[in-house]
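The values are calculated or read from the model by the stated rules, or taken from the named source; none is laboratory data. Predicted model, so just to flag it, every value in this text is computed and none were measured. Using ideal geometry, Cβ is built from the backbone for each residue, glycine included, and neighbour counts are taken over all protein chains shown.
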Amino acid sequence: MITLRPVEREDLKQLQLWRNSPEVRENVNEFRYLNMEDQADWFDWLTRNNSVQMFLIELVDENARDNFKMEGYAKPIGCCGVTKIDWTKRLGEVSIYIGPDDYRGKGFGKIIMNLLEHWAFNDAGLHKLVAYSWEGNIKAHAMFLTCNYREVGVYKSHTWRNGGWADVHIFEKVF
Ligand SMILES: CC(C)(COP(=O)(O)OP(=O)(O)OC[C@H]1O[C@@H](n2cnc3c(N)ncnc32)[C@H](O)[C@@H]1OP(=O)(O)O)[C@@H](O)C(=O)NCCC(=O)NCCS
């Protein structure tokens with residue numbers, strides 16, 4: 001079972017390792033390699049700012065949970081959230097990555113998006129989510145379409161990726 005919980009300061013080392021890995025760095029806005037000072041600044045900003053909600057994605061061993069084994073029952077596999085929340089217009093931007101290589105391409109993306117949307121639309125009362133995927137990010141592109149996002153359009157040569165300019169696909173979902 002996949003669950004989402006708020007990011008804690010203790011998670012930052014793990015998040016740093018994932019964020020600096022090639023597959024994640026190539027597909028997110030932040031191109032810099034992040035050190036722990038960056039991580040701590042980000043966490044402080046998260047905590048003070050109500051225009052963002054980030055979650056740690058965990059794979060929970062239900063058997064261990066049901067037997068009250070607190071150690072090792074939840075394996076962190078990524079991070080997701082809604083950023084740039086505009087509470088007046090009630091919209092925000094999707095952020096999502098799965099950290100370990102062997103957990104991508106296994107269908108978790110859709111499940112995570114469902115949980116994130118549940119928070120965004122039901123708990124937070126947002127009206128619309130916007131998402132972006134870089135040219136060549138087949139999994140993210142397919143995931144947004146499967147999750148019923150509408151492709152709004154394409155920004156041409158909009159980001160620098162793997163030594164060249166890449167298009168950015170824009171998606172939206174209205175609740
Ligand atoms: C993008 C990401 C969150 C998707 O999660 P995921 O669990 O890997 O994706 P899924 O297994 O749910 O697959 C999503 C879709 O891609 C398809 N897919 C998966 N691997 C594929 C491959 N190698 N080639 C073509 N399609 C593929 C799946 O079939 C699925 O499409 P479908 O719903 O039409 O069947 C994850 O791959 C990731 O973290 N990538 C790195 C960071 C990133 O790109 N973040 C997103 C920035 S917008």
By residue number, the members of the range 92-120 that are assigned to a helix (DSSP H, G or I) and either in contact with a helix residue (DSSP H, G or I) (Cβ under 9 Å, 6 or more places away or on another chain) or near the ligand (Cβ under 10 Å from one of its atoms) (or both) are D101, Y103, F108, G109, K110, I111, I112, M113
Got at least one residue in the range 126-134 being farther than 27 Å from N50 by Cβ, near the ligand (Cβ under 8 Å from one of its atoms) and part of a strand (DSSP E or B)? yes
Filter the range 70-85 for residues that are modelled with pLDDT of 95 or more and of a type outside the set (A, V, I, L, M, F, W, C); the one that is surrounded by the fewest Cβ atoms within 10 Å (Cβ to Cβ) is K84
Only one of E37, E58, E93 is acidic (D, E) and under 21 Å from A131 (Cβ atoms), namely E93
Exception for A142 within (1) within 10 Å of the ligand (Cβ to nearest atom); (2) without any contact (Cβ under 8 Å) to a residue 12 or more places away in the chain; (3) assigned to a helix (DSSP H, G or I); (4) within 21 Å of Q14 (Cβ to Cβ) falls at (4)
Within the range 145-163, restricting to residues that are part of a loop (DSSP other than H, G, I, E, B) and buried (at least 17 other Cβ atoms within 10 Å of the Cβ), the one that is farthest from the ligand (Cβ to nearest atom) is Y149
